Amino acid sequence: MKLDERLLHLKKLADEGAILRKSTVETLGKGIIELAAVISGVLGSGKKLLLAGNGGSAADASHFAGEMIVRLSAERNRQSLPAIALNTDSTILTAAANDYGFENVFSRQVEGLGQRGDMLLVISTSGNSLNLLKAVQTAKKRGLLTTGLLGSDGGKLLKAVDRSLVVPHPSTQRVQEEHIFIIHMLVELIESDLLNER
């Protein structure tokens, strides 16, 4: 592929991304605001946010937790907010996978860390990850709120979680790009809610 063809291809991808971003705000904007308010309520009542994902979605879960614990921007210095990404501890993940199977690596942690009133937010571009489905089942048994940041048609997780935000696109890359945008919007709104900047 020649340079001009590659540049044209990149422009096409950028245009597709821009169209999807606009659609995300138009179709999911209200849901993003509502979810941010629910998370703010969870945190405001002294509870915590548990996050989980696989692959690129694991990176997004870690990113989300990092923004909550540290901060989104240097422009707003605020207290740390309680969030744990369940996909970050290699010792727990490998021990749980070895002893209970990979499908239980998150549910085992929800069982040990989750408390009634906490929220479990799972991130999946397909919505069909068995380990996330099992984590949601365990969370519900323990009285946690459950949320999915999903892609495609939402998969099996769509019906399993209490609420969801679904980016209805077939491309994993495009869905992940919108997921990180949604995460940033959620954190910005949560910070605003908790600092009474509405």
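The values are calculated or read from the model by the stated rules, or taken from the named source; none is laboratory data. Quick caveat, the model's predicted, so the values are computed rather than measured. Don't worry about glycine lacking a Cβ; one is built from the backbone with ideal geometry, like all the others, and counts go over all protein chains shown. Only protein heavy atoms, including side chains, enter the accessible area calculation; ligands, DNA and RNA are left aside. Shrake-Rupley method; radii C 1.70, N 1.55, O 1.52, S 1.80 Å.
Give me the pairs, please: first residue somewhere in the range 1-21 and surrounded by 10 or more Cβ atoms within 10 Å (Cβ to Cβ), second residue anywhere and among the aromatic types (Phe, Trp, Tyr), beta-carbon distance under 8 Å, and either six or more positions apart or on two chains.
Correct list of pairs: Arg21/Phe181.
Give the residues of the range 152-188 that are touching a helix residue (DSSP H, G or I) at 6+ places or on another chain (Cβ under 7 Å) and of a type in the set (Val, Ile, Thr), sorted by residue number.
Passing the criteria: Val161, Val166, Val167, Ile180, Ile182, Ile183, Val187.
So which of Ile33, Ile39 ends up being touching a residue at least 12 places away in the same chain (Cβ under 8 Å), surrounded by 19 or more Cβ atoms within 10 Å (Cβ to Cβ), on the phi < 0 side of the Ramachandran plot and among the β-branched types (Val, Ile, Thr)? Walk me through it before giving the result.
On the way: Ile33 fails: surrounded by 19 or more Cβ atoms within 10 Å (Cβ to Cβ).
So the residue among Ile33, Ile39 that is touching a residue at least 12 places away in the same chain (Cβ under 8 Å), surrounded by 19 or more Cβ atoms within 10 Å (Cβ to Cβ), on the phi < 0 side of the Ramachandran plot and among the β-branched types (Val, Ile, Thr) is Ile39.
Hey, among Leu121, Leu145, which residue is open to solvent by 10 Å² or more (accessible area, probe 1.4 Å) and aliphatic (A, V, I, L, M)?
Numbers: Leu121 fails: open to solvent by 10 Å² or more (accessible area, probe 1.4 Å).
Testing whether each residue is open to solvent by 10 Å² or more (accessible area, probe 1.4 Å) and aliphatic (A, V, I, L, M) leaves just Leu145.
Which pairs have Cβ atoms under 8 Å, sit 6 or more apart or on different chains, and link a residue in the range 52-76 that is in contact (Cβ under 8 Å) with a residue 24 or more places away in the chain to one that is open to solvent by less than 20 Å² (accessible area, probe 1.4 Å) and in a loop (DSSP other than H, G, I, E, B)?
Taking only residues 6 or more apart or on different chains, the pairs are Ala52/Leu86; Ala52/Phe106; Ala61/Leu86; Met68/Leu81.
When you scan the range 87-105, do you find a residue that is touching a Phe, Trp or Tyr at 6+ places or on another chain (Cβ under 7 Å) and either farther than 18 Å from Leu35 by Cβ or open to solvent by less than 20 Å² (accessible area, probe 1.4 Å) (or both), even just one? If you could, list the steps in order and put the result at the bottom.
Within the range 87-105, the first condition is being touching a Phe, Trp or Tyr at 6+ places or on another chain (Cβ under 7 Å), and the residues that meet it are none.
Scanning the range 87-105, I find no residue that is touching a Phe, Trp or Tyr at 6+ places or on another chain (Cβ under 7 Å) and either farther than 18 Å from Leu35 by Cβ or open to solvent by less than 20 Å² (accessible area, probe 1.4 Å) (or both), so the answer is no.
Please work out which residue is farthest from Val110 (Cα to Cα), limiting yourself to the range 56-79 and to residues that are in a loop (DSSP other than H, G, I, E, B) and either open to solvent by 60 Å² or more (accessible area, probe 1.4 Å) or among the aromatic types (Phe, Trp, Tyr) (or both).
Taking the range 56-79 as the starting set, the residues that turn out to be in a loop (DSSP other than H, G, I, E, B) are 70-79.
If we keep only those that are either open to solvent by 60 Å² or more (accessible area, probe 1.4 Å) or among the aromatic types (Phe, Trp, Tyr) (or both) as well, we get 70-71, 74-75, 77, 79.
Working: Val70: 23, Arg71: 24, Ala74: 32, Glu75: 33, Asn77: 30, Gln79: 25 Å.
Going through the qualifying residues, I end up with Glu75.
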